[in-house]
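Input: a single structure, listed below in structure tokens.
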Amino acid sequence: MTYAQAMQHLSSLTARPPHGYSDKELDAFVELEGEVSHYGLLERIKGARGLVMLYDGKKLVGTAAIKNPEPDYRTAVFAKSKSNADAAAYPVELGYVVVAESHRRHKLGWRLVDAALSFASGSAVFATTHSNNAAMRRILPARGFTANGSPYPSTEHPGQEIHLFLRG
């Protein structure tokens, strides 16, 4: 499938606060998200500033969010990465950026990230990505993020490292 064909097949991109989605839509978001533990994920999604969902017909094929991370989590991420930045200065996190395997390599991640960042409302944002996620490692710098600190081992995916990116 070419990029143009992929764009023609995509029926809608929605971007709204979590309460604007049905329970069925939120459950589909959780199911597509494959990078983090599903334990407590639905509650974290419901606490986000904004969610983005990309559909191909009725099938969810992409997600992204601007999250409101707990202060302890945010502090831990900055500490693990040995960041010299003040974690409290980055109150929101770009995350849950996922494109279904069947729809990858069509630059859909760019659309998801752009839509999610609209929920940042001028706040400084941080994001993390795995060392093997080449798409996000291209998208983040192109959207004003800079790598910060040092990579640290992933607990969810042994053998991979996590990189911290900041956008002030």
Show the residue pairs that are 6+ apart or on different chains and have beta-carbon atoms under 7 Å apart, the first residue being within the stretch 80-95 and at negative phi, the second being assigned to a helix (DSSP H, G or I) and β-branched (Val, Ile, Thr).
Ala87/Thr75; Leu94/Val113
Assuming Arg74 fulfils every condition listed in (1) of a type in the set (Lys, Arg); (2) part of a helix (DSSP H, G or I); (3) surrounded by fewer than 19 Cβ atoms within 10 Å (Cβ to Cβ) apart from one, which condition is it?
(3)
Meets criteria (open to solvent by 20 Å² or more (accessible area, probe 1.4 Å) and at pLDDT 95 or above) for His38:
no
Mind counting the residues in the stretch 117-150 that are assigned to a helix (DSSP H, G or I) and either touching a Leu at 6+ places or on another chain (Cβ under 6 Å) or open to solvent by 50 Å² or more (accessible area, probe 1.4 Å) (or both)?
5
Would a scan of the stretch 11-18 turn up a residue that is of a type outside the set (A, V, I, L, M), over 15 Å from the mean Cα position of the chain (by Cα), at pLDDT 65 or above and assigned to a helix (DSSP H, G or I)?
no
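The values are calculated or read from the model by the stated rules, or taken from the named source; none is laboratory data. Just so it is clear, the structure is predicted and the values come from calculations on it, not from any experiment. Methodologically, a virtual Cβ is constructed for each residue, glycine included, from the backbone with ideal geometry; neighbour enumeration extends over all protein chains shown. Ligands, DNA and RNA are excluded from the accessible area calculation, which covers all protein heavy atoms including side chains. Shrake-Rupley method; radii C 1.70, N 1.55, O 1.52, S 1.80 Å.
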